[in-house]
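First the structure, in the form of structure tokens, and then the observations on it.
The values are calculated or read from the model by the stated rules, or taken from the named source; none is laboratory data. Model, not experiment: these values are computed from the prediction. Here the Cβ positions follow ideal geometry from the backbone for every residue, glycine too, while neighbour counts run over all protein chains shown. For accessibility, only protein heavy atoms count, side chains too; no ligands or nucleic acids. Shrake-Rupley method; radii C 1.70, N 1.55, O 1.52, S 1.80 Å.
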Amino acid sequence: MIIGVLALQGDVREHLAALAECDVIARPVRRPAELDDVDAIVIPGGESTTMSKLLVDFELFEPLHKRIAEGLPAFGSCAGMIMLADEVLDGRPDQRSLGGIDMTVRRNAFGRQVDSFEKEIELSGVDGPVHAVFIRAPWVERVGEGVTVIGEVDGRIVAVRQRNVLATAFHPELTGDLRVHRLFVDMARAQQTEG
Amino acid sequence: MSTEPVTSAPVTGTARVKRGMAEMLKGGVIMDVVNADQAKIAEDAGAVAVMALERVPADIRAEGGVSRMSDPDMVEGIINAVSIPVMAKARIGHFVEAQVLQAIGVDYVDESEVLTPADEANHIDKWAFTVPFVCGATNLGEALRRIAEGAAMIRSKGEAGTGNVVEATRHMRQIRADIRRLTILDDTELFAAAKELRAPFELVKEISETGKLPVVLFTAGGIATPADAAMMMQLGAEGVFVGSGIFKSGDPAKRAAAIVKATTFHDDPDVIAKVSRGLGEAMVGINVATLPDEQRLATRGW
């Protein structure tokens, strides 16, 4: 199985390293042809405004949007969560998200960098506490039917799943804990078996 | 150093959230801006962050005098104008300027040689802050002294405000060569290396094992073209600061967008060629070799 990491900007290397330890082939994706080869995609942490612009400029937006809509398994952390939201609040007016999860996400909802924090949280589908790192993190303000909330912080939704798409407001790629990446790899494998 | 104790209450200002913030900027371009309009142009062009300052380095160079932290009103105006992170500069050693910048909510403080130093012996104790710091370095020893003081991100100094990339090239090559050299030394030799680098032994040892800095390494100082940015990336920078190079050029919006694209596709000459066309005039450069020593900014910092 080949899992791509969208490599236009952000903490691409950390996601590639985490995936490589989950017994899959992990590859950076910057061009439409590279997208064709992957069985699943990870959207990393970074700046969603920058990623959105580069996706459009390098003609990746439409093909990626289409593949996710057709069922390509996808996982996004932080900026990646924003990119996978059907609706984004506090974004730029021309900011485009790929969609994939019927939810409304507010950018930088937890505040600025001085408010960035670490905390242990519960995540359904993962045994034991997860040490979560939140950096200028978003939260989810609304989820539609068919979206499963899998993690919260102080009543705010920070991890969700809908069908083959997984999103976290925190950065599992920064801690060396592979459990969230393994959860995603399992989702992608199940899809491949069905497909 | 990044392993914080595990607790269930939220903890802010840890080494991991400070260094992690810089990880999110990787592959991106951070642009100097002096007002909200420029900040919006930078954000539109795809900047991952802006650096708010009163005068870009080229003007500081031209006008002289003491250069200080920007007016909080001006920094706040920029914070309110854009949704991307906002950085601002404090003078070397001026911990109160840094306290002020933290209080108004900037996302990163640049303890910068571009401003006039406030302390000729000591840099700011950056561990004492919740806001993370980026600092300049010309070589590995300097980078490690800054990291020991709590810097969560390092950038090459280059020679700011010259539009001349030669010093940034020198610093990037020096830092990378210093790192490579450590990876081939044996344990005994590392003690002498630490002494020679004037850096803490623990950090020297860590780098000899990992072959990389424990924080993100960007480049800065004299980057004026898409090709400059791409060369720095190929030399090992993880992202780019552009100071005077954008808003001192003929068509800032176009040049800014071109530098962003060239940074992402730094290893693809076809993309760099495409984005380099028709950018209008680049900033007028200064030949660094003709700069008198007292006008060199990179020598500030100890």
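Adding -39500 (n - 2.57) for every DSSP H run of four residues or longer, then dividing by how many residues chain B holds, sets the calculated 222 nm ellipticity at -12000 deg cm²/dmol. Per-residue ellipticity at 222 nm computed for chain A from its helices equals -8000 deg cm²/dmol, with DSSP H segments shorter than 4 residues left out and the rest contributing -39,500 (n - 2.57).
Extension gain for B:Thr183 to B:Ala103 (0.36 nm times residue separation, less C-alpha to C-alpha distance): 24.7 nm.
One way to sum up the overall shape of the stretch B:200-298 is the equivalent ellipsoid from its Cα gyration tensor, whose semi-axes run 29, 20, 10 Å, largest first.
Within straight-line reach of B:Lys195, meaning a Cα separation under 20 Å, sit the following aspartates and glutamates at least 8 residues removed in sequence or on another chain: B:Glu142, B:Glu149, B:Asp178, B:Asp186, B:Asp187, B:Glu206, B:Glu209. Say a paramagnetic label sat at a point 7 Å from the Cα of B:Glu63, along Cα to Cβ; which residues of the stretch B:126-169 have their backbone N under 20 Å from it? Label zone hits: B:160-163.
Remark: the protein assembly as shown is approximated by an ellipsoid whose semi-axes, taken from the C-alpha gyration tensor as √(5λ), come to 36, 25, 22 Å, largest first. Of the residues A:Ser124, A:Ser116, A:Ser97, the one with the largest accessible area comes first in the ranking A:Ser124, A:Ser97, A:Ser116, computed with a 1.4 Å probe on protein heavy atoms. Would you tell me the accessible area of A:Asp94, worked out with a 1.4 angstrom probe on the heavy atoms of the protein chains, in Å² to the nearest 10? Using a 1.4 Å probe on the heavy atoms, I get roughly 100 Å². Once the Cβ-Cβ distance of B:Lys195 and B:Arg173 is raised to the sixth power relative to R0 = 35 Å, the FRET efficiency obtained is 0.95. For chain B, the orientation-averaged shadow of the C-alpha convex hull comes to 15.8 nm² (one quarter of the hull surface). Of the peptides B:246-257, B:214-225, the ranking by mean beta-carbon count within 10 Å, highest at the top, reads B:214-225, B:246-257. Checking every one of the GluC sites (Glu not before Pro) in the stretch B:81-172 against DSSP loop status and a limit of 14 other Cβ atoms within 10 Å picks out B:Glu120. When the pairs A:Lys53/B:Lys274; A:Lys66/B:Lys254; B:Lys89/B:Lys274; B:Lys40/B:Lys274; B:Lys126/B:Lys261; A:Lys53/B:Lys26 are compared against a 26 Å limit on Cα-Cα distance, A:Lys66/B:Lys254; B:Lys89/B:Lys274; B:Lys126/B:Lys261 fall above it.
Judged by the gyration tensor of its Cα atoms, with axes a ≥ b ≥ c, chain A is rounded; a/c sits under the 1.5 cut.
Based on protein heavy atoms only, the protein assembly as shown ends up with 38 Å² per residue of surface accessible to a 1.4 Å probe. At an R0 of 60 angstrom, the distance between the Cβ atoms of B:Val166 and A:Asp154 translates into a FRET efficiency of 0.70. Remark: accessible surface ordering of B:Lys195, B:Lys212, B:Lys89 (largest first) is B:Lys195, B:Lys212, B:Lys89, probe radius 1.4 Å. Just check the stretch B:218-274 against the gyration tensor rule for me: Cα atoms, a ≥ b ≥ c as the square roots of the eigenvalues, rounded for a/c under 1.5, and otherwise prolate or oblate depending on whether a/b exceeds b/c. In terms of gyration-tensor shape, oblate. Take each residue of peptide B:79-87, count the partner chain Cβ atoms within 10 Å of its Cβ, and average: the result is 3.
Annotation for the stretch B:156-193 versus the stretch A:55-129: alpha-carbon center distance of 37 Å. For the segment A:167-173, counting C-beta atoms of other chains within 10 Å of every residue's C-beta and taking the mean gives 1. Counting Cβ atoms of other protein chains within 10 Å of each residue's Cβ and taking the mean over peptide A:50-58 gives 5.
When all protein chains stay in place and ligands, DNA and RNA are ignored, the 1.4 Å accessible-area order of B:Ile272, B:Ile154, largest first, is B:Ile272, B:Ile154. Assign one of three labels to the stretch B:129-178, namely rounded, prolate or oblate, based on the Cα gyration tensor with a ≥ b ≥ c the square roots of its eigenvalues; rounded applies when a/c is under 1.5, prolate when it is not and a/b is larger than b/c, and oblate otherwise. Oblate shape, in that a/c is at least 1.5 and b/c is the bigger or equal ratio.
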